[in-house]
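Student: Before anything else, here's the structure in question.
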Amino acid sequence: MIAEPSLTLGIEEEYLIVDRETRDLVREPDAGFLAACADLLGEQVTGEYLQCQVEVGTKPHHRVGDARDDLVGLRRGISEAAAAFGYAPIAASTHPFAKWREQTHTRKERYDALHDDLGQPVRRMLICGMHMHLGIEDEDLRIDLMNQATYFLPHLLALSCSSPYWEGDDTGLASFRLTVFDALPRTGLPDVLGSYGEYTRMVGQLVKAGCIEDSSKIWWDIRPSSKFPTVEQRMTDVCSLVDDVAAIAAVYQSVMSFLFRLRKRNQRWRVYPQTLILENRWQAQRHGARGKLIDHGQSEMAPMADLMEELIEMIGPDAERLGCSEELKHVRKITTQGNSADRQRANYNAAVKSGADPHEACVAVVDGLIKEFSAS
């Protein structure tokens, strides 16, 4: 019998650093900025591919609420360090008006290799994501639950969308980030695999052929982590509000608990064809939290609010056991009041209505993002 997984939760977030005067990205932050972040937060903060980005990571936690508190501390630390240099962090997966061609990548061996190997697709990676790790110690169980959890990834994406704008234009999407990221190789939904051994053999073939150095270059929407005994979901945008992060974490942790409960009863969630899951991925990317997804059981489109209500009822016992029922309930607020993309558009439209030109309206969007980052 497989031991019950710990389902410990770790959250990684990437932030953009903006100039408080111009609200544009800081192309080359002062050399002391990242050092100041490290002085406050230690190894929980690192640089990212572009110099205008930083990444933070919580410690592993059993309870979503504790991970949330950890994240609040990390955001406050980044804000404090940034303020001393005239900067401000924002948690959005794209900047409303910054130009990718004007950014510079961080000079590290890994990033230099990416820059040379992947061409323009990686050079326009002016995007930020949010990754969530769940502790699943058994290797084959990692693959089994990953196969089933893929069904729910579009639901998580829809709740998280925070990238409607790109270089000053409204893209018409709630998450333009995925459009940029999908230009890279080895992205998108994972293969349906029969075992961890099958996964390692596949990775080994790519390594032997000289295509990649290791499994860290597999950038699927969900994957076995290359560093930790976890399943890492990577589909979501970074959320402007910490409460939204906690709600998504509660869904993810509770879904995995539910899937393991099914397994203990010799049951499982149906694994649907990738085309059907990809359609929901697109619907979530296009319309976000107040749109619709396909209810594959009914073969019809259904409002996100209805789908999430059904999901809350289904995974409610797991959320109760894990101590994240309150965080899970916040999902209802996202589906009725909108996600970050909705709020960004509302701020833009309000600015235009008050007489702002398009650039000034984008500045107003940045102001809203700065305020939300500090609202925790």
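The values are calculated or read from the model by the stated rules, or taken from the named source; none is laboratory data. Bear in mind the structure is a predicted one, so any value in this text is a computation, not a measurement. With ideal geometry, Cβ positions are generated from the backbone for all residues, glycine too; neighbour counts draw on all protein chains shown.
Student: Scan the range 34-90 residue by residue and report those that are modelled with pLDDT of 95 or more and of a type in the set (F, W, Y).
Tutor: Within the range 34-90, F85, Y87 meet the criteria.
Student: What number of residues in the range 2-16 are β-branched (V, I, T), under 20 Å from the mean Cα position of the chain (by Cα) and surrounded by fewer than 24 Cβ atoms within 10 Å (Cβ to Cβ)?
Tutor: Step one: list which residues in the range 2-16 are β-branched (V, I, T), which gives 2, 8, 11.
Adding the requirement that they be under 20 Å from the mean Cα position of the chain (by Cα) leaves 8, 11.
If we keep only those that are surrounded by fewer than 24 Cβ atoms within 10 Å (Cβ to Cβ) as well, we get 8.
Residues flagged as β-branched (V, I, T), under 20 Å from the mean Cα position of the chain (by Cα) and surrounded by fewer than 24 Cβ atoms within 10 Å (Cβ to Cβ) within the range 2-16 amount to 1.
Student: Could you run through the range 164-175 and say how many residues are surrounded by 21 or more Cβ atoms within 10 Å (Cβ to Cβ) and out of contact with any His (no Cβ under 9 Å at 6 or more places or on another chain)?
Tutor: Count: 2.
Student: Oh, and also: Taking the range 123-163 as the search range and keeping residues that are surrounded by fewer than 21 Cβ atoms within 10 Å (Cβ to Cβ) and basic (K, R), which one is modelled with the lowest pLDDT?
Tutor: Step by step, filter the range 123-163, then rank; the result is R123.
Student: Check W220, W269 and return the single one that is surrounded by fewer than 21 Cβ atoms within 10 Å (Cβ to Cβ) and touching a Pro at 6+ places or on another chain (Cβ under 9 Å).
Tutor: After ruling out the rest, the residue left standing is W220.
Student: Do any residues in the range 264-275 that are within 16 Å of M146 (Cβ to Cβ) have Cβ atoms under 8 Å from those of residues that are of a type in the set (F, W, Y) and at pLDDT 95 or above, where the two are at least six apart or on different chains, and which pairs are they?
Tutor: Matching pairs, first to second residue: W269/Y151; R270/Y151; V271/Y151; Y272/Y151.
Student: Name the residues in the range 137-169 that are closer than 23 Å to V238 by Cα and β-branched (V, I, T), would you?
Tutor: T150
Student: Checking G77 against (1) over 27 Å from E232 (Cβ atoms); (2) without any contact (Cβ under 8 Å) to a residue 60 or more places away in the chain; (3) of a type outside the set (S, T, Y), which single condition isn't satisfied?
Tutor: Evaluating G77 over (1) over 27 Å from E232 (Cβ atoms); (2) without any contact (Cβ under 8 Å) to a residue 60 or more places away in the chain; (3) of a type outside the set (S, T, Y) leaves (1) as the failure.
Student: Also: Can you list the helices (runs of 4 or more DSSP H) lying wholly within the range 153-226 that have 1 or more residues being closer than 20 Å to L276 by Cβ and touching a helix residue (DSSP H, G or I) at 6+ places or on another chain (Cβ under 8 Å)?
Tutor: Details: elements: 153-160, 177-181, 196-208.
Qualifying helices (runs of 4 or more DSSP H): 153-160, 177-181.
Student: Next up: Got a sec? Which of R290, R286, R261 is in contact (Cβ under 8 Å) with a residue 12 or more places away in the chain and within 17 Å of the chain's Cα centre (by Cα)?
Tutor: Details: R290 fails: within 17 Å of the chain's Cα centre (by Cα); R261 fails: within 17 Å of the chain's Cα centre (by Cα).
So the residue among R290, R286, R261 that is in contact (Cβ under 8 Å) with a residue 12 or more places away in the chain and within 17 Å of the chain's Cα centre (by Cα) is R286.
Student: Residues of the range 334-346 being part of a helix (DSSP H, G or I), in contact (Cβ under 8 Å) with a residue 12 or more places away in the chain and surrounded by fewer than 20 Cβ atoms within 10 Å (Cβ to Cβ), which ones? Let's see the steps before the verdict.
Tutor: The initial filter retains those residues of the range 334-346 that are part of a helix (DSSP H, G or I), namely 334-337, 340-346.
Imposing the further condition that a residue be in contact (Cβ under 8 Å) with a residue 12 or more places away in the chain reduces the set to 334-336, 340-345.
Correct list: T336, D342, R343, R345.
Student: Taking the condition among the basic types (K, R) and in contact with a Gly (Cβ under 7 Å, 6 or more places away or on another chain), does R63 pass?
Tutor: So R63 passes the test.
Student: Further, regarding this structure: Could you check the range 199-229 and list, in sequence order, the residues that are in contact with a strand residue (DSSP E or B) (Cβ under 9 Å, 6 or more places away or on another chain) and acidic (D, E)?
Tutor: D221
Student: How many residues does the range 18-37 hold that are exposed (fewer than 13 other Cβ atoms within 10 Å of the Cβ) and touching a residue at least 40 places away in the same chain (Cβ under 8 Å)? Show your work before the answer.
Tutor: Within the range 18-37, the subset exposed (fewer than 13 other Cβ atoms within 10 Å of the Cβ) is 21-22, 28, 31-32, 35.
Still in the running and touching a residue at least 40 places away in the same chain (Cβ under 8 Å): 21, 28, 32.
Final tally of qualifying residues: 3.
Student: Right, another one. Name, by its number, the condition in (1) small (G, A, S); (2) in contact (Cβ under 8 Å) with a residue 60 or more places away in the chain; (3) not in a helix (DSSP H, G or I) that does not hold for A319.
Tutor: Among (1) small (G, A, S); (2) in contact (Cβ under 8 Å) with a residue 60 or more places away in the chain; (3) not in a helix (DSSP H, G or I), the lone unmet condition for A319 is (3).
Student: Can you find a residue that is in contact with a Phe, Trp or Tyr (Cβ under 6 Å, 6 or more places away or on another chain) and farther than 30 Å from S79 by Cα anywhere in the range 297-308?
Tutor: Start the filter on the range 297-308 by keeping residues that are in contact with a Phe, Trp or Tyr (Cβ under 6 Å, 6 or more places away or on another chain), which leaves none.
No - not one qualifying residue is present in the range 297-308.
Student: Quick check on H330: is it farther than 17 Å from D244 by Cα, out of contact with any Ser or Thr (no Cβ under 8 Å at 6 or more places or on another chain) and surrounded by fewer than 23 Cβ atoms within 10 Å (Cβ to Cβ)? Steps first, answer last, please.
Tutor: On the way: farther than 17 Å from D244 by Cα: no; out of contact with any Ser or Thr (no Cβ under 8 Å at 6 or more places or on another chain): yes; surrounded by fewer than 23 Cβ atoms within 10 Å (Cβ to Cβ): yes.
It is false that H330 is farther than 17 Å from D244 by Cα, out of contact with any Ser or Thr (no Cβ under 8 Å at 6 or more places or on another chain) and surrounded by fewer than 23 Cβ atoms within 10 Å (Cβ to Cβ).
Student: Does R63 qualify as being closer than 30 Å to P5 by Cα and touching a residue at least 12 places away in the same chain (Cβ under 8 Å)? Talk me through it step by step, then tell me what you get.
Tutor: On the way: closer than 30 Å to P5 by Cα: yes; touching a residue at least 12 places away in the same chain (Cβ under 8 Å): yes.
Yes.
Student: Further question on the same structure: Would you be able to say whether some residue in the range 292-308 is part of a strand (DSSP E or B) and crowded, with 22+ Cβ neighbours inside 10 Å? Walk me through how you get there before you give the answer.
Tutor: To start, the set of residues in the range 292-308 that are part of a strand (DSSP E or B) comprises 292-295, 300-303.
Within this subset, residues satisfying the condition of being crowded, with 22+ Cβ neighbours inside 10 Å are 293.
Yes, the range 292-308 has at least one match.
Student: Please work out if D244 is modelled with pLDDT of 95 or more, more than 19 Å from G57 (Cβ to Cβ) and acidic (D, E).
Tutor: Details: modelled with pLDDT of 95 or more: yes; more than 19 Å from G57 (Cβ to Cβ): no; acidic (D, E): yes.
In short, no.
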